[in-house]
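J.: Got a structure here, written out as structure tokens. Questions coming.
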Amino acid sequence: MAYTPVIPVDGLAGWSFLKSTQERQTEIFDRSPDIQRDVDYFNENIGSVETLDDLMSDRKLLKVALGAFGLGEEINKGAFVRKVLAEGTADRSAFAVRLNNPDYLDMARSLVVSDGALSIDESTRDTIVSQYKEQAFEEEVGTVNNNMRLALNFEREMTELANGGLSENAGWFKAMASVPIRTVLEAAFNMPTGFSQLDLDRQKEELADKANSLFGGKSVEIFQDSEVLDNTIRKFLLKAQLDQGPSATTPGFAALSILGGGLGSAGIANLLLSNS
């Protein structure tokens, strides 16, 4: 059973708590029996994979490989996954390219298949394991508080996107293709209802204009600035918190009372993590 992340309060206070304890909580999560078993099996057996058939026929290996790219829920779509990997990304007509799903594209670029052969070097193996643990932690955070998961997803994905050297248009179109990035941006930028139904070019223009008015830049490269990144996440969480409104039934409400009663976030972090 995996360790369940501790997020005692919602909104900005919850985000602050999660970030201040993330390193410690991630260490505990990575030692969970389920996670350790998955990683050990992958490391011990991936070296024997020589073909796409080898990977597709081993559900345990496939679980880690898909999970590393946020595609764990796709494990039962064997024919779909096989087609993505078999066709790769070199051809503009390849299935993964036509899907325009950034997660599938990233997987197809990492797991390169040539005439049915699949070779995973040590660097790729280590990257997959690292990403699998990171994605698994974020998913587990989502079982406690989905807004926190979206914030973590956004922080990771937008950082990668901002540093990807993409053009202004390509950057925004890739951002819009990511559900976590789109969700956070639409809330943080306070985009109107029905925004997602607009023509894609119009959506891109409005996002770029909003970014420029808030942060002084029309490219996703503005998110290279950690303050801009954090500001956006804070705006998203504040909007979600205002929409939801606090109540005695809100998850973490009792803990919020404790936090306000003098124990403090550092104190409750130590208390909650000391027995983990």
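The values are calculated or read from the model by the stated rules, or taken from the named source; none is laboratory data. Remember, it's a predicted structure, so these values are computed and weren't measured experimentally. We place every Cβ from the backbone using ideal geometry, glycine too, and count neighbours over all the protein chains shown. SASA here: full protein model, heavy atoms, side chains in, ligands and nucleic acids out. Shrake-Rupley method; radii C 1.70, N 1.55, O 1.52, S 1.80 Å.
J.: Could you derive backbone 3J(HN,Hα) for segment 153-168 from the dihedral phi with the Karplus parameters 6.51, -1.76 and 1.60 (θ = phi - 60°), listing whole Hz in sequence and x where the residue is Gly or Pro?
T.: Those phi angles translate into 4, 4, 4, 6, 5, 5, 4, 5, 5, 5, 9, x, x, 7, 5, 4 Hz.
J.: Still on this structure, please answer the following. Checking the cross-link filter: which lysines have an alpha carbon closer than 20 Å to that of LYS174, excluding same-chain neighbours under 8 positions apart?
T.: LYS204, LYS210, LYS218
J.: Once you treat every alpha carbon in segment 118-180 as an equal point and sum by Debye, what is log10 I(q)/I(0) at q = 0.21, 0.25 Å⁻¹?
T.: Calculated log10 I(q)/I(0) at the listed q: -0.93, -1.01.
J.: Follow-up. How big is the chain on each of its three principal axes, counting only the C-alpha atoms and giving the largest first in Å?
T.: Here the spans come out as 63, 50, 29 Å, largest first.
J.: Based on DSSP H runs of at least 4 residues, each adding -39500 (n - 2.57), what is the mean residue ellipticity at 222 nm of the chain after dividing by all its residues, to the nearest 500 deg cm²/dmol?
T.: Numbers: 15 runs with 182 residues, N = 276.
Computed ellipticity for the chain at 222 nm equals -20500 deg cm²/dmol.
J.: Please arrange GLU73, GLU168 by accessible surface area, largest first, computed with a 1.4 Å probe and ligands excluded. Can you show the working numbers first?
T.: Values: GLU73 170, GLU168 75 Å².
The residues order as GLU73, GLU168, largest area first.
J.: Percent relative contact order of segment 1-159, based on C-alpha pairs within less than 8 angstrom and at least six residues apart?
T.: Values: 173 pairs, mean separation 39.7, N = 159.
Dividing the mean separation by the residue count of segment 1-159 yields 25 percent.
J.: Where does segment 1-122 land on Rg(C-alpha)/(2.2 N^0.38 Å)?
T.: Working: Rg = 17.4 Å, N = 122, 2.2 N^0.38 = 13.7 Å.
Working it through for segment 1-122, the quotient is 1.27.
J.: Taking N as the number of residues in segment 46-92, what is its alpha-carbon radius of gyration divided by 2.2 N^0.38 Å?
T.: Values: Rg = 10.7 Å, N = 47, 2.2 N^0.38 = 9.5 Å.
Ratio of Cα Rg to 2.2 N^0.38 Å: 1.13.
J.: Enumerate the amide H contacts of LEU118 below 5 Å, restricted to partners 5 or more residues apart or on another chain; note that Pro and chain-start residues carry no placed amide H.
T.: HN-HN under 5 Å from LEU118: THR51, LEU52.
J.: Using θ = phi - 60° and the Karplus curve 6.51 cos²θ - 1.76 cosθ + 1.60, what whole-Hz ³J(HN,Hα) does each residue of segment 237-243 get, with Gly and Pro shown as x?
T.: Residue by residue, segment 237-243 yields 5, 5, 4, 5, 5, 5, 5 Hz.
J.: What FRET efficiency do you get for ARG31 and PHE215 if R0 is 41 Å and r is their Cβ-Cβ distance, rounded to the nearest 0.05?
T.: On the way: r = 39 Å, r/R0 = 0.94.
Using R0 = 41 Å, I get an efficiency of 0.60.
J.: A follow-up question, please. Taking segment 1-53 as the region of interest, what is the percent of Cα-Cα pairs per 10 angstrom bin, listed from the shortest bin to the one with the maximum distance?
T.: 22, 33, 24, 15, 7
J.: Taking springs between alpha-carbon atoms closer than 10 angstrom, which of GLU140, GLU186, GLU205 fluctuates most in the Gaussian network model of the chain?
T.: With Cα springs under 10 Å in the chain, the top fluctuation among GLU140, GLU186, GLU205 is at GLU205.
J.: Collect residues whose amide H, placed 1.01 Å from N in the peptide plane, falls under 5 Å from the amide H of SER32; neighbours closer than 5 in sequence don't count.
T.: Long-range HN contacts for SER32: TYR3.
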